[in-house]
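Okay, so here's the structure we're looking at.
Throughout, read-outs are computed from the coordinates displayed, never taken from laboratory work. In this text the structure is predicted, and so the values were computed from the model without any measurement. All Cβ positions, glycine included, derive from the backbone under ideal geometry; neighbour counts span all protein chains shown.
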Amino acid sequence: MAKAPSSRKSTKAKSTRTKDAARTKGAANIVAERKSRPLPQLETPTFLSPQATEEIAAALTTLLADSLALYLKTKNFHWHVSGPHFRDYHRMFDEQAAEVFAMTDPLAERARKVGGTTLRSIGHIGRLQRLADNDASYVEPTDMLAELLDDNRQLAAFMRQTHDLCDDHDDVATESLLEEFIDQAEERIWFLFEASRGARISGR
Ligand SMILES: [Fe+2]
């Protein structure tokens, strides 16, 4: 039976390595994604420069891959959670998964509206996602809370980075979309933190 690390130290060290790897992979993925320019048949009207279109569409598509990875992990935990807090966690994970899934269509369509293209397959998601999958056959409920808390914090940080990029290109509509999604991520972080209070999770 596979189990998540039990020691706080090893979990923290693993988490730091995971975040560093995610940042490195994310930067490489976004650069790679920028190389795919839309075919003439897929061009859409935009006020943005070609460079801004490439950068923003690539960042949005990478956020979309992360959102779909987080959606499936949250559903996975909804389906596989067990123990005395089953009802609370099962419901909270379902509500959070629905909220994350609701981000995906606006992110994809925003990539198209700014003149770019977006995801085409599960394989494409796998190549771009920065948030790690969890294929373990068993995860302790407290470890589910900790992992989702960490993933949502990373997603919020990635969205802030994309917000800064949009600010550089005066793309206020994408900024506005991301502001709402950042608020939602912060609410998920709050709920996950409160649900795990008394476990071993820090507020920062
Ligand atoms: Fe369900």
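What order do you get for T104, T74 when you list them from fewest to most C-beta neighbours inside 10 Å?
Least to most surrounded, the residues fall as T104, T74.
Roughly speaking, what is the stretch gain from E95 to S176, that is 0.36 nm per residue apart minus the C-alpha to C-alpha distance, in nm to one decimal?
Taking E95 through S176 to full extension adds about 26.9 nm, to one decimal.
How do V172, V100, V139, V114 line up, fewest other C-beta atoms within 10 Å first?
Listing V172, V100, V139, V114 from fewest to most nearby Cβ atoms yields V172, V139, V114, V100.
How long are the three semi-axes of the equivalent ellipsoid of region 55-195, in whole Å, if each is the root of 5 times an eigenvalue of the C-alpha gyration tensor, listed from largest down?
So the equivalent ellipsoid measures 28, 16, 11 Å along its semi-axes.
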